[in-house]
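Read-outs: derived from the displayed coordinates by stated rules, not from any lab. Keep in mind it's a predicted model, so treat the numbers as computed, not measured. A quick note on method: Cβ atoms are made from the backbone with ideal geometry, for glycine too, and the neighbour counts reach across all protein chains shown.
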Amino acid sequence: MSDMQCPYCGADQEVCHDDGHGYAEGVRHEHECSECEKTFVFETSISFDYEPSKADCLNGAEHELVFRKSWPKEFSRMCCKHCDYEKKATPEEIATWHNA
């Protein structure tokens with residue numbers, strides 16, 4: 001997938017971002033077409049996409065906890081599948097996981 005097309009010849013163009021070039025918004029960046037070799041300018045627009053999902057635990061329901069194992073096992077955590085809630089796993093929870 002190309003970053004853009006040349007406004008002169010329509011050829012697909014890639015912007016080399018190795019040194020951070022082309023990321024700043026509100027700036028006209030110069031670019032030379034790899035096909036017709038004409039220089040043109042482009043502006044960068046950054047957009048965000050959001051992916052909502054239900055988190056009933058934030059609305060009064062219980063957290064749906066899953067075991068996140070760690071080594072050493074004493075540092076294992078219980079984490080909610082739907083939000084960022086987490087807690088230290090109890091010795092009983094650790095024993096249940098290690099015996100399963």
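For the chain, adding -39500 (n - 2.57) for each run of n ≥ 4 DSSP H residues and dividing by the number of residues yields -2500 deg cm²/dmol at 222 nm.
Summing charges over all other residues whose Cβ lies under 11 Å from the Cβ of MET4, with Lys and Arg as +1 and Asp and Glu as -1, gives -4. The equivalent ellipsoid that matches the C-alpha gyration tensor of the chain spans semi-axes of 52, 17, 12 angstrom, in descending order. Of the residues TYR50, THR39, CYS80, the one whose Cα sits farthest toward the positive end of the charge dipole of the chain, with +1 on the Cβ of Lys and Arg and -1 on the Cβ of Asp and Glu, is CYS80. In the neighborhood of ALA89, defined by Cβ-to-Cβ distances under 11 Å, what is the net charge if each Lys or Arg adds +1 and each Asp or Glu adds -1? Surrounding charge for ALA89 is +2. A simple count of charges around LEU58, restricted to other residues whose Cβ falls under 13 Å of its Cβ and scoring Lys, Arg +1 and Asp, Glu -1, yields -2.
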